[in-house]
Every structure is written in C-alpha cells, then in structure tokens.
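The values are calculated or read from the model by the stated rules, or taken from the named source; none is laboratory data. Everything numeric in this text was worked out from a predicted model, so none of it was measured. Glycine also receives a Cβ, built like all others from the backbone with ideal geometry; neighbour counts cover every protein chain displayed. Heads up: the accessible areas ignore ligands, DNA and RNA and are worked out on the full protein's heavy atoms, side chains in. Shrake-Rupley method; radii C 1.70, N 1.55, O 1.52, S 1.80 Å.
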Amino acid sequence: MAIRVIVADDQEIVRTGLTMILNAQPDIEVVGEAGDGHRAVDLARRLRPEVCLFDIRMPGVDGIEATRRLAGPAVLDPLAVVVITTFDLDEYVYAALRAGARGFLLKDAGTALLTQAVRAAAAGDALIAPNITTRLLRAFADAGPVAPPPQPVDALTLREEEVLLAVARGRTNTEIAEELHISLSTVKTHIASLMVKIGVRNRVEIAMWAYHTDRVRPGRSG
C-alpha cells in the first residue's frame, strides 16, 4: 500500500512541487493539500495519513501549532509530522520538536532526502537527517529540560542503553542493527521497550531524554 501524505504550504507553487515529487514515487501518494494550518489539521484528522508534511510559516494556524494539535503531548493518537521550512533556525527546530514533530527538513534538501524522510516517518524510523540530528539535539541540551527528565519505570538493560545512545546520535534502525550486530526487528523491539520505560512517544523524545540525562553530552559524538 502507498504511504499516504498530506502536504501543507501557503505557497501553491511549493505545494505543487512537493506533490509532484512525492507522487512520482511508486510507494507514496499525496492524498490532500492545504494552504493554511486550519485546513491542514482538518484534513489530517479526517484522512489520517501516514505522514503530514507541514511548512512552518502558514496563515492562521502556523505549522508549529498545527503540529501541536495533531502530535502534541495531549494527543492520544498522534500523527507523524515532518516539518519542512526554508529557515534553518534553531528556534524553529526547537519549537517544532517540542510541538511533537518527529522530523525537520529544509526545502532545499532535495528529492532523495525528502522521500527518505517520508518513508522513514511512515516506518517510525529516524526522521531528522543524521547530519543535523546532533546539532538539533544539542540545542535541547543547552536549553535544558522544561522539567526534570523522568526516571525509567524499570532499569534499562545494557542493550537498551546501547540502542538509546545510537538513537541519540542520529542512527537509523538499519544502522543500529548493523552496528550492534542484531536484527532490525530486535532494534524495533528495544526502541519500543525504551519508549515504555522512559515514558516517551517517539525516537526524537528518546534522544532528548538521552541528552537530558547526560548519557550524551554536547561535544561528544559517535
């Protein structure tokens, strides 16, 4: 089945371009377009697409607020939202991820990265390009947590700690499987267990938790 996507951008030419690129892929189908955040939220709630691709700057309800309404902490059944923008600004990244976005993409990222981000979002995999993941998460570390990070309900296993660090460093599920010499399904099982134990909902929040608990610190890379 094709990955169903909603594209929201206030510029028609941008929406058209994104839609053409995505519809050219054999496994992706754009099922809705919106020129503002209100329309985007309504479409997403009605169509329940696998991925929402939202611009940040839109009239009425912007991409950040639209993301919060569909994927924020209060949403019981959040959708996968990837924010796409012209502006590579840390405050935008910070706000988008705080609102519940699982990824952040620049409009000049190119066809390959755009389609990779959509496929990754649909699969629950890494949605932020690895080459910018560390910088984005360091911004969270520098700002500090809004509240003390929750402690795990059960102690993490050694393998879960290894997967946690790999996620925080921007590794995809496939890369983690190769690095740790385990199967892809085992990686997914460990990530699911991590989310339950530390009380988060996606891998971006896993990575934020790793930074906030000093398991990964600014200046350390892998």
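A few notes on this one:
- The lone exception for GLY60 - which of (1) closer than 16 Å to VAL81 by Cα; (2) at pLDDT below 95; (3) surrounded by fewer than 19 Cβ atoms within 10 Å (Cβ to Cβ); (4) not aromatic (Phe, Trp, Tyr) it fails: (1)
- Residue list for the range 5-34, filter: part of a loop (DSSP other than H, G, I, E, B) and surrounded by fewer than 19 Cβ atoms within 10 Å (Cβ to Cβ): ASP10, GLN11, ALA24, GLN25, PRO26, ASP27
- Some residue of the range 53-63 being under 19 Å from ALA123 (Cβ atoms) and of a type in the set (A, V, I, L, M): yes
- Test for LEU70: is it open to solvent by less than 70 Å² (accessible area, probe 1.4 Å), in a helix (DSSP H, G or I) and modelled with pLDDT of 85 or more: yes
- Those residues of the range 73-119 which are part of a helix (DSSP H, G or I), crowded, with 16+ Cβ neighbours inside 10 Å and small (Gly, Ala, Ser), in sequence order: ALA95, ALA96, ALA117
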